[in-house]
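For reference, the structure discussed in these notes is given below.
The values are calculated or read from the model by the stated rules, or taken from the named source; none is laboratory data. Please read all numbers here as calculations on a predicted model, not as lab measurements. Virtual Cβ from ideal backbone geometry, glycine too; neighbours counted across all protein chains shown.
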């Protein structure tokens, strides 16, 4: 009887572990998806380009730095066609 | 096969046993074939919009999995060991190795414009079948192929533009023609889409107020980004979006206020003048003040609305009221004149094949691609997504009762100005509609009238409002949905308008710099004012012509735009075919040669009809003759002759490129000329080196 109970307990523990692993995998997948979505949006909206600019120039974000970034990217941005 | 073998195709396939894979793809293919058969063979009863969605998704899945994989491995010989310019020339500015999904989003945001929304709505006059079939087949076999191969060829040439590739691969004339085609398409595109905005906002105080408010909102966003929270673009875009929503609600109040409604009730001519002034201002003002924030706001709204529309169609599964084929396949359609071949293909434009995409595929995107195999997902995959947007637009138009669709899209010159007369004419065509029904619909969406609202945007907005009003908020909020859709389209188009004017200005400055050096200086203010003025005058002329056209303008301008766009695609496919031949892969040349031949057949036939067809509603010259015999305004006659000249000159130039390309293929294939590809030298990617130890 106790062996049965012990077996059932172990099975329950294993199942709980498997559930936790599954939940953790789902959570990781969702986090990855969200991270990717945010990265795509940051690229589309030029936030990543600005971060790269700050990194390259080794300066902190400020109105002056952003102004410099806009000046640098103005020609490229203005020449970028928008499709029909 | 390892990750670096040319045949390597990342995806879930390798996780599945072969039997399951075969079963899965057989099921998807059968499902797609069944859905296509249902939409093609169903007659007499309404079908559910989901059949269109299933047919499209299944065909796209099969096309992507098998056809694009074949092109990648056999035609292009994609090499995962080869370093891309993003890796070799990485400067953290233009050349940046970027995650493929991020590049996919970036590329899709750049190629998705108003074309795939407007084109299918206009082409729905033939019924939903011709347009839907062309959107699906044209994208899988033509548009996606063009975007994919041009992207890969640009990646292999350090991100060179399409015009530069045409010059080096076909010859100087190829470069010149693609330059002329690009500038013509920009001018005619801007004139045509500006007309769509004018027709959407004409006598609509609600819509006009909302769109007018987006300008101070964009300036506010610009100041917020520059002064308050530098670089926080997503934050500023969310703020801008909330303000735009407030403007939509404010628009309702304006439309109900007797005094304010008068201020914002504008005629087509006034709106055209305002748009021309706006285009000029957007071209000469600093980018950060208006162009950049408006672009961000438009992209934010665009991505959100496309996602919302996709969810709405899948969740609500509306029925299509439009028949699969209408009587207007014979060429007598009220929306635009011309038979189903070639005009359905010209009208759909960007939803199936877009020459304009070749500019994006050889612009920013090749400089972000991390590894060659990713060009498949970005180039081929993004165009599939764009094509799906076109299918959704077709659904939005086809959920309307055909009588309502034709009442909205038919110009007064065809159906008459008075509501009763228009309703009687449309009902006599076999599409019953009453003036009272239209008045009630106009009241429900907060407009004074929905008759003669040509251009495609109002019909799309009514369709979208119709889909959403069946669940989210019901009929009570139909007006809000309608104006949200109008705002979305107009915002979209204004972004194309201001960005296009600037791009055109730079192209003019580059060209005029060869004539007189100071004109080529992009920061010299007299040059900026002069070239901006030239650019705005050029598209403004076409816009004005459209506003004054008794047939609604779209009848002339949209086919002209479609012809220019497809001619540009013809040039892009000539470049691609030439490179494939020079790569020694002529046995696979049909991959680009078949869409090229199809586009030549479509564009040349359409141009022929638009220039010399004896029906005045189709042929520009016949229309000019008709006007001349009626002693009409000389300017209208000149407009028709100008349109005929534009179409004729472009066709001749593109014909020369096609002939020059064919001669080049013959020289290479007969061994009279060495098959030389002008790719950047091979450099092993660090990724491969790391993997091989």
Kindly establish whether residue B:253 is surrounded by fewer than 18 Cβ atoms within 10 Å (Cβ to Cβ), without any contact (Cβ under 8 Å) to a residue 24 or more places away in the chain and in contact with a helix residue (DSSP H, G or I) (Cβ under 9 Å, 6 or more places away or on another chain).
yes
Looking at B:393, B:352, B:407 in this structure, which one is more than 14 Å from chain A (Cβ to nearest Cβ) and over 14 Å from residue B:108 (Cβ atoms)?
B:407
Residue match in region B:460-483 (condition: within 22 Å of residue A:71 (Cα to Cα) and either within 14 Å of another protein chain (Cβ to nearest Cβ) or buried (at least 24 other Cβ atoms within 10 Å of the Cβ) (or both)):
no
Could you go through region B:578-595 and let me know if any residue there is closer than 19 Å to residue B:137 by Cα and not in a helix (DSSP H, G or I).
yes
If you check A:64, A:60, which single one turns out to be surrounded by 10 or more Cβ atoms within 10 Å (Cβ to Cβ) and over 25 Å from residue B:303 (Cβ atoms)?
A:64
Does residue B:404 satisfy being without any contact (Cβ under 8 Å) to a residue 60 or more places away in the chain, in contact with a helix residue (DSSP H, G or I) (Cβ under 6 Å, 6 or more places away or on another chain), crowded, with 20+ Cβ neighbours inside 10 Å and within 27 Å of residue A:84 (Cα to Cα)?
no
Given the criterion free of Cβ contacts under 8 Å to residues at least 60 places away in the same chain, more than 7 Å from chain B (Cβ to nearest Cβ), in a helix (DSSP H, G or I) and more than 15 Å from the chain's Cα centre (by Cα), identify the matching residue among A:56, A:52, A:71, A:32.
A:71
For residues that are more than 9 Å from chain A (Cβ to nearest Cβ) and over 28 Å from the mean Cα position of the chain (by Cα), scanning just region B:86-98, find the one that is surrounded by the most Cβ atoms within 10 Å (Cβ to Cβ).
B:87
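Quick grid of which residues meet (1) under 30 Å from residue B:495 (Cβ atoms); (2) at pLDDT 85 or above:
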| residue | (1), (2) |
| --- | --- |
| A:18 | no, yes |
| A:29 | no, yes |
| A:48 | yes, yes |
| A:53 | yes, yes |
| A:73 | yes, no |
| A:76 | yes, no |
What number of residues in region B:495-509 are at the interface with another protein chain (Cβ under 10 Å from one of its Cβ atoms) and over 18 Å from the mean Cα position of the chain (by Cα)?
4
Residues satisfying the stated conditions in region B:262-314, i.e. outside any helix (DSSP H, G or I) and over 19 Å from residue B:197 (Cα atoms)
B:285, B:286, B:287, B:288, B:289
Please indicate, with yes or no, whether at least one residue in region B:630-641 is outside any helix (DSSP H, G or I) and farther than 21 Å from residue B:557 by Cβ.
yes
Name every residue in region B:596-618 that is farther than 29 Å from residue B:661 by Cβ and either free of Cβ contacts under 8 Å to residues at least 24 places away in the same chain or crowded, with 17+ Cβ neighbours inside 10 Å (or both), in order of residue number.
B:614, B:616, B:617, B:618
Yes or no: region B:144-161 includes at least one residue that is free of Cβ contacts under 8 Å to residues at least 24 places away in the same chain, surrounded by fewer than 24 Cβ atoms within 10 Å (Cβ to Cβ) and within 13 Å of another protein chain (Cβ to nearest Cβ).
no
